[in-house]
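A.B. asks: Please read through the structure below; I'll follow up with questions.
The values are calculated or read from the model by the stated rules, or taken from the named source; none is laboratory data. Since the model is a prediction, treat every value here as computed from it, not as a measurement. Glycine gets a Cβ as well: all are built from the backbone with ideal geometry, and neighbour counts include every protein chain shown.
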Amino acid sequence: MTSIRISRRRVLQQAGVFTSLGLTVPSFLSGTAQALESSEIGSSGERVLVLVQLAGGNDGLNTLVPYADDIYYRSRPKLSIAKEDVHKIDDYAGFHPEMYAIKDLWDSGLLSMVQNVGYPNPDLSHFRSTEIWETGSPSDKNWTSGWLGRYFDNECKGNASPLLALQLGDRTAQTFSGERQRCVTLSNPDLFRFSGGAETIQDLKRLHSEAKSSNPTLDFMRRTGNGMLNASQMIVDAVKNQKTTTEYLPFQFSQSLKMVAQLIAAEVPTRVFYVSLTGFDHHATQNMRHATLLQELSEGLSSFVTDLKQLGCLDRTLVMTFSEFGRRVAENQSEGTDHGTANLMFLAGGTSKAGLHGPRPNLSALDSVGDLVHAIDFRSIYASVLSQWLGADSRSLIGPDVSPLPGLLA
C-alpha cells in the first residue's frame, strides 16, 4: 500500500511559507524551526489519542441495553428495546439493534466499555457539564484550562508541532485551553482538501501586501486565511496518497474519522484528534432519532478501528468516546428522555483491555429524582489515559486525589 509520511523538513517548509508570505507567525508556530532541529516531532510510532464527543447527552441505557432488568422495561414502556432485538453480549446486557457493527468489534476483542461513569454532584446543564468534562474539574470548581491543555503546557513544551492537536468540529473544545494555543480547529474537513496551487499562493501574497495597512481587521482575516491555506496544503500532501482499507459512510462523522485515519497513517505531527457527533439531546420522539445516531456512531467507529488495525496503526492509537451526561432512567411524556447522570464510555486500540469495566448501572438504587448513581468518576479514566497512555503525571494535571482506573489500560 502506498503511503506518505510528513517529515521534519516538510513541517519546516510549511513554517517557512508563513515567513515567505510576510505573515505573522501564529503563537503555536513560534519557535517551530528551532524545536524541529532537536526533536522527534512526528516520529514513527508516536502514540495518538482520538477523542469522540457524543454531544447532547447520549442515552447509555438504550446504547447498552439492560434487557434482563425488568425495571428498565417498567421505566420505559415506549422507549425500551425489545429483548429479541438486542445484540446480546452477556446474560444481562446487549447493544441497540442498530449497533451491529460495534457488536462485531466486541466479538473481535477490539472494544472496551466502561459502565456507570459520571462525577459527584452532577450538573444537568449541557454547558456546565460539558465544561466539567472538558476541564476535568470537580463539579464545585470552575477551572478554565482543559485537561489536555494542561498536558500540552506541562508535558509538551519541547514539541513545537503546528498541529499538536486537531479538532474537526464547530468550536474549539475547552479541552485544549491552556497557556498556549496548540489546537487547530476546522468546522468542515473539506477545508483540508483545498486544491489551490502556487498561483493561488501568489494571489494571496499580493492581496496581503496590498491590504497590509488599510484595514487591520481585514488584514488579520487574510493572514488567518493564508495560514489555514498552508496548514491545509500540508495535510493534503500527507493524505493524498494515503489510502484507507475500509469503506466509510458518506456522512460528516464517518468522513472525519476517515481523514483522521489517513493522518495517523501518514504520521502527521499530531498527538490528539477530536471529532464530534452531535444531536443526542432527545427530549421527545427519541426512538428513530437515537437509532439513526447510534447506527452512524457504530458504523463510523467500526470502520475507523478496523481501518487503523489493517493500516498497522491501532496499537499506537487510543480511541475514547465521551458524552456530557446520560439520560434519566424513566421516559418522559413526550416519548423522550430528560437529562440524566451516569453513562457509558467506549475505548478501543492502544493498550486498552477489551471487555466490560465497572459495575453495571443499578436501576433499583436511583437518586432522589430518578437518576443513576455513578460508580466510576470520569476523571479516573482521564488519569489512566494521561499516566498510562501519554506518560504524564496525572496527579498534577487532574488532582492528587484522582487515581487511574485499575485494569483499563495495560
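A.B. asks: Is it true that ILE381 is farther than 24 Å from LEU164 by Cβ and β-branched (Val, Ile, Thr)?
C.D. replies: For ILE381, the condition - farther than 24 Å from LEU164 by Cβ and β-branched (Val, Ile, Thr) - is not met.
A.B. asks: Now a separate question. Name the residues in the stretch 259-307 that are among the charged types (D, E, K, R) and at pLDDT 95 or above, would you?
C.D. replies: Those that are among the charged types (D, E, K, R) and at pLDDT 95 or above: ASP281, ARG289, GLU296, GLU299, ASP307.
A.B. asks: Which one is surrounded by the most Cβ atoms within 10 Å (Cβ to Cβ) among residues in the stretch 50-79 that are without any contact (Cβ under 8 Å) to a residue 40 or more places away in the chain and part of a loop (DSSP other than H, G, I, E, B)? Spell out the reasoning first.
C.D. replies: Kept after step one, since they are without any contact (Cβ under 8 Å) to a residue 40 or more places away in the chain, are these residues of the stretch 50-79: 65, 67-68, 70, 73-74.
Among the residues that remain, those that are also part of a loop (DSSP other than H, G, I, E, B) are: 67-68.
On the way: TYR67: 20, ALA68: 15.
It comes out as TYR67.
A.B. asks: Six or more apart or on different chains, Cβ atoms under 8 Å: show the pairs whose first residue is in the stretch 395-410 and closer than 12 Å to PRO138 by Cβ and whose second is surrounded by fewer than 16 Cβ atoms within 10 Å (Cβ to Cβ).
C.D. replies: Close Cβ pairs (under 8 Å, with a partner that is surrounded by fewer than 16 Cβ atoms within 10 Å (Cβ to Cβ)) amount to VAL402/ARG395.
A.B. asks: Another question, if that's okay. Any chance you could count how many residues in the stretch 282-314 are surrounded by fewer than 23 Cβ atoms within 10 Å (Cβ to Cβ) and in a loop (DSSP other than H, G, I, E, B)?
C.D. replies: So the answer is 5.
A.B. asks: If we keep just the residues of the stretch 258-286 that are polar (S, T, N, Q) and out of contact with any Asp or Glu (no Cβ under 7 Å at 6 or more places or on another chain), which is nearest to ALA165 (Cα to Cα)?
C.D. replies: By that ranking, first place goes to THR270.
A.B. asks: Quick check: is even one residue across the stretch 134-142 of a type in the set (Ser, Thr, Tyr), crowded, with 17+ Cβ neighbours inside 10 Å, under 17 Å from the mean Cα position of the chain (by Cα) and modelled with pLDDT of 95 or more?
C.D. replies: Looking through the stretch 134-142, at least one residue is of a type in the set (Ser, Thr, Tyr), crowded, with 17+ Cβ neighbours inside 10 Å, under 17 Å from the mean Cα position of the chain (by Cα) and modelled with pLDDT of 95 or more.
A.B. asks: A further question on this structure: Just checking, does the stretch 176-188 include any residue being closer than 23 Å to ARG47 by Cα, at pLDDT 90 or above, out of contact with any Ser or Thr (no Cβ under 7 Å at 6 or more places or on another chain) and buried (at least 16 other Cβ atoms within 10 Å of the Cβ)?
C.D. replies: The answer is yes, given that some residue of the stretch 176-188 is closer than 23 Å to ARG47 by Cα, at pLDDT 90 or above, out of contact with any Ser or Thr (no Cβ under 7 Å at 6 or more places or on another chain) and buried (at least 16 other Cβ atoms within 10 Å of the Cβ).
A.B. asks: How about the stretch 328-345: which of its residues are assigned to a loop (DSSP other than H, G, I, E, B) and among the polar types (S, T, N, Q)?
C.D. replies: ASN332, GLN333, SER334, THR337, THR341
A.B. asks: How many of the residues making up the stretch 143-172 are small (Gly, Ala, Ser), surrounded by fewer than 23 Cβ atoms within 10 Å (Cβ to Cβ) and within 15 Å of the chain's Cα centre (by Cα)?
C.D. replies: The qualifying residues number 1.
A.B. asks: Looking at ALA375 and the list (1) touching a helix residue (DSSP H, G or I) at 6+ places or on another chain (Cβ under 8 Å); (2) within 23 Å of GLY118 (Cβ to Cβ), which single condition is not satisfied?
C.D. replies: (1)
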